[in-house]
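> Provided herewith is a single structure, encoded as structure tokens, for subsequent inquiry.
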Amino acid sequence: MANLSIILLLLFIYQAAALLPPRFQWKTMDFAWEGAERESALTNESYIPVNNMPTGIARWRDKLFITIPRWKKGIPSSLNYVYLNGTQDAPLHPYPNWNEGCLSSDGTVISNRTVVSTFRVNVDKCDRLWVVDNGVSEMSTDVKQVSDPAVLVFDLNNDSLLKKHIFKEEVLADTSVLTSIAVEIVGKNCDEAYAYITDMGSNAIVVYSLKDDDAWRVENHYFHFDPHAGVYKVGGIDFYWSDGVSSGALSQPKKDGYCDLYLHPTSSTKQFRMSTKLLRDKDAPKEDIFNGVEIIGDRGPKTQATACDIDPATNVLFYTQVCKNGLGCWNLDKPFSRENTPLILSDCNLMEFPNDVKADKDGNLWILSDRQSRFLYEAMDFGQVNFRVLTAPTSTLIQGTPCDRRSFFTRLVGRQA
Ligand SMILES: *[C@@H]1O[C@H](CO)[C@@H](O)[C@H](O)[C@H]1NC(C)=O
Ligand SMILES: *[C@@H]1O[C@H](CO)[C@@H](O)[C@H](O)[C@H]1NC(C)=O
Ligand SMILES: *[C@@H]1O[C@H](CO)[C@@H](O)[C@H](O)[C@H]1NC(C)=O
Ligand SMILES: *[C@@H]1O[C@H](CO)[C@@H](O)[C@H](O)[C@H]1NC(C)=O
């Protein structure tokens, strides 16, 4: 029986990859330049095509946001979007526009709507875009602090900046790297909202309250990397990372009105959970915070994930599987076990280094793969496709897998009956 299920799962993985032709794919990331700007940007090196590597995505209506951290020189704009009706190699549009999306010629910000460097963004159900800006340029070479780290909230209907909160010094650490942002809306009103921002560089979660325009830092031992999970091999390249908590996703509200934040460090194979009751309480006693993180389980060797998201329609947590060039899932209504956390997609070509995953509110999953290990540690071949966005309905992706509401075996029996 066990062998049969392994064979069927392998068959399923193969079929799923065939089901997912890339919606977008690029050899290098290029922009929707106006007039002859591209030529002059190449000449003055405000655009160096090979230095642009995307790490985050989020869909809102006819836009797909794509973020490019300022790792190196020559990144025109960090926060961008493409139109969904575009061609496979659709050009990026800086957000909110060319003028304010880019830095000025002396390397400073032009307005409070300019995002300097962001890894991942989030769209909430009130049509708002939440961005966590690290404020730095040339992050991997010659770091420059261009602006203060901040959280920005945009109204997507008219691109106005609803809020910009600059973090106080005590909320951050010297090694802070803010990687992702999950958003909880309390009640029916959009005003009461909390953002949970992972600080991968210094092992913390920064909580931001929109209503109070205040932020605080939460630390816990489980936000640190696991020494057993620091070794990676992706795209034929071995590397070692000691990255802490890098991504979190929120459950639906529970009976007590609070959600659970499902979180994980990058260099870890464990799944953790923490109630937002504790996170939202700025004055929560240290012992409560210390004891407030629950270990749900371990997904097994080589299951490190950079990002995760929960699809509210199916109640499934999806997470990238970096060392397996794929995607895993877990149905929150089922016990956490190896069988219930399968690899449902894997393709060493289409999904080499899956970096971000997002469920949109129409029940589609979006996956970004970007060959990051080649970008950081070896040379990329820009004659090949390096960056891809794949998408499929979440229900299609989990059909027949243990993440489906009906179990795999129930389905098998159902089919045979
Ligand atoms: C794609 O959508 C955008 C925005 O909705 C629109 O401005 C543009 O004309 C559309 N392009 C095509 C080729 O349909
Ligand atoms: C480089 O050229 C672009 C496009 O003309 C311009 O927007 C930008 O300000 C220039 N940058 C510098 C550093 O001169
Ligand atoms: C954008 O829309 C919001 C309401 O959704 C409104 O309060 C705000 O004034 C608008 N801003 C601009 C610049 O039009
Ligand atoms: C952004 O800057 C403009 C112009 O300086 C100002 O009117 C506006 O209040 C600022 N918005 C936020 C959210 O800080």
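The values are calculated or read from the model by the stated rules, or taken from the named source; none is laboratory data. None of these values were measured; they are calculated from a predicted model. With ideal geometry, Cβ positions are generated from the backbone for all residues, glycine too; neighbour counts draw on all protein chains shown. Surface accessibility is based on the protein's heavy atoms, side chains included, excluding ligands, DNA and RNA. Shrake-Rupley method; radii C 1.70, N 1.55, O 1.52, S 1.80 Å.
> Being within 16 Å of ligand 3 (Cβ to nearest atom) and under 20 Å from Ala215 (Cα atoms) is true for just one of Leu161, Leu172. Which residue is that? Can you show your working first?
Values: Leu172 fails: within 16 Å of ligand 3 (Cβ to nearest atom).
Answer to the selection: Leu161.
> Can you tell me which residue among Ser246, Ser242 is part of a loop (DSSP other than H, G, I, E, B), over 19 Å from Lys277 (Cα atoms) and of a type in the set (S, T, N, Q)?
Working: Ser246 fails: part of a loop (DSSP other than H, G, I, E, B).
Being part of a loop (DSSP other than H, G, I, E, B), over 19 Å from Lys277 (Cα atoms) and of a type in the set (S, T, N, Q) holds for just one of Ser246, Ser242, which is Ser242.
> Does any residue of the range 283-302 turn out to be without any contact (Cβ under 8 Å) to a residue 24 or more places away in the chain and within 23 Å of Asp356 (Cα to Cα)?
no
> So Val151 passes all but one of these: (1) touching a helix residue (DSSP H, G or I) at 6+ places or on another chain (Cβ under 9 Å); (2) under 17 Å from Leu210 (Cβ atoms). Which condition number does it fail?
Condition not satisfied by Val151: (1).
> Which ones in the range 160-204 are among the charged types (D, E, K, R) and either at pLDDT 95 or above or closer than 23 Å to Ser246 by Cβ (or both)?
So the first thing to find is which residues in the range 160-204 are among the charged types (D, E, K, R), and the list is 163-164, 168-170, 174, 184, 188, 191-192, 199.
Across the range 160-204, the qualifying residues are Lys163, Lys164, Lys168, Glu169, Glu170, Asp174, Glu184, Asp191, Glu192, Asp199.
> Within the range 97-117, which residues are in contact with a strand residue (DSSP E or B) (Cβ under 8 Å, 6 or more places away or on another chain), in a loop (DSSP other than H, G, I, E, B) and more than 16 Å from ligand 4 (Cβ to nearest atom)?
Scanning the range 97-117 gives Leu103, Gly107, Ser117.
> Cβ-Cβ below 7 Å, separation at least six or inter-chain, first residue in the range 84-96 and under 13 Å from Gln25 (Cβ atoms) and open to solvent by less than 50 Å² (accessible area, probe 1.4 Å), second of a type in the set (Ser, Thr, Tyr) and away from ligand 2 (no atom under 16 Å from the Cβ): which pairs?
Here the result reads Ala90/Tyr83, each pair linking the range 84-96 to a residue that is of a type in the set (Ser, Thr, Tyr) and away from ligand 2 (no atom under 16 Å from the Cβ).
> Taking the condition buried (at least 23 other Cβ atoms within 10 Å of the Cβ) and within 16 Å of ligand 3 (Cβ to nearest atom), does Phe154 pass? Steps first, please.
Details: buried (at least 23 other Cβ atoms within 10 Å of the Cβ): yes; within 16 Å of ligand 3 (Cβ to nearest atom): yes.
Considered against the rule, which asks whether it is buried (at least 23 other Cβ atoms within 10 Å of the Cβ) and within 16 Å of ligand 3 (Cβ to nearest atom), Phe154 comes out as yes.
> Tell me yes or no: at least one residue of the range 56-73 is under 25 Å from Ala305 (Cα atoms), among the aromatic types (Phe, Trp, Tyr) and either assigned to a loop (DSSP other than H, G, I, E, B) or modelled with pLDDT under 95 (or both).
Here is the first cut: in the range 56-73, the ones under 25 Å from Ala305 (Cα atoms) are 56-60, 64-72.
Narrowing further to those that are among the aromatic types (Phe, Trp, Tyr): 60, 65, 71.
Subsequent filtering for residues that are either assigned to a loop (DSSP other than H, G, I, E, B) or modelled with pLDDT under 95 (or both) retains 71.
Within the range 56-73, one or more residues are under 25 Å from Ala305 (Cα atoms), among the aromatic types (Phe, Trp, Tyr) and either assigned to a loop (DSSP other than H, G, I, E, B) or modelled with pLDDT under 95 (or both).
> Checking the conditions here, which among Ala58, Ala41 is farther than 21 Å from Gln145 by Cα and within 20 Å of the chain's Cα centre (by Cα)? Before you say what the answer is, go through the steps one by one.
Working: Ala41 fails: within 20 Å of the chain's Cα centre (by Cα).
Result of the check over Ala58, Ala41: Ala58.
> Identify, by number, the condition in (1) surrounded by fewer than 14 Cβ atoms within 10 Å (Cβ to Cβ); (2) under 30 Å from Tyr194 (Cα atoms) that Gly35 doesn't meet.
Single failed check for Gly35: (2).
> Next question. Looking only at the range 61-82, which residues are over 22 Å from Lys144 (Cα atoms) and either within 12 Å of ligand 1 (Cβ to nearest atom) or open to solvent by 10 Å² or more (accessible area, probe 1.4 Å) (or both)? Let's see the steps before the verdict.
Just the residues of the range 61-82 that are over 22 Å from Lys144 (Cα atoms), to begin with: 61-66, 81-82.
Within the range 61-82, Arg61, Asp62, Lys63, Leu64, Tyr81, Val82 qualify.
> Any idea which of Asn112, Asn99 is more than 21 Å from Leu390 (Cβ to Cβ), within 13 Å of ligand 2 (Cβ to nearest atom) and open to solvent by 50 Å² or more (accessible area, probe 1.4 Å)? First the steps, then the outcome.
Working: Asn112 fails: within 13 Å of ligand 2 (Cβ to nearest atom).
One residue alone meets the criteria, Asn99.
> How many residues does the range 315-342 contain that are open to solvent by 10 Å² or more (accessible area, probe 1.4 Å), of a type in the set (A, V, I, L, M, F, W, C) and over 16 Å from Thr394 (Cβ atoms)?
Final tally of qualifying residues: 2.
> Is it the case, given these coordinates, that Ser180 is surrounded by fewer than 20 Cβ atoms within 10 Å (Cβ to Cβ) and more than 16 Å from ligand 1 (Cβ to nearest atom)?
Details: surrounded by fewer than 20 Cβ atoms within 10 Å (Cβ to Cβ): no; more than 16 Å from ligand 1 (Cβ to nearest atom): yes.
Spelling it out, it is not the case that Ser180 is surrounded by fewer than 20 Cβ atoms within 10 Å (Cβ to Cβ) and more than 16 Å from ligand 1 (Cβ to nearest atom).
> Which of the residues that make up the range 315-361 are aromatic (Phe, Trp, Tyr) and under 21 Å from Val385 (Cβ atoms)? It would help to see each step written out before you state the result.
Initial filter on the range 315-361 (aromatic (Phe, Trp, Tyr)): 318-319, 330, 336, 353.
Correct list: Phe353 only.
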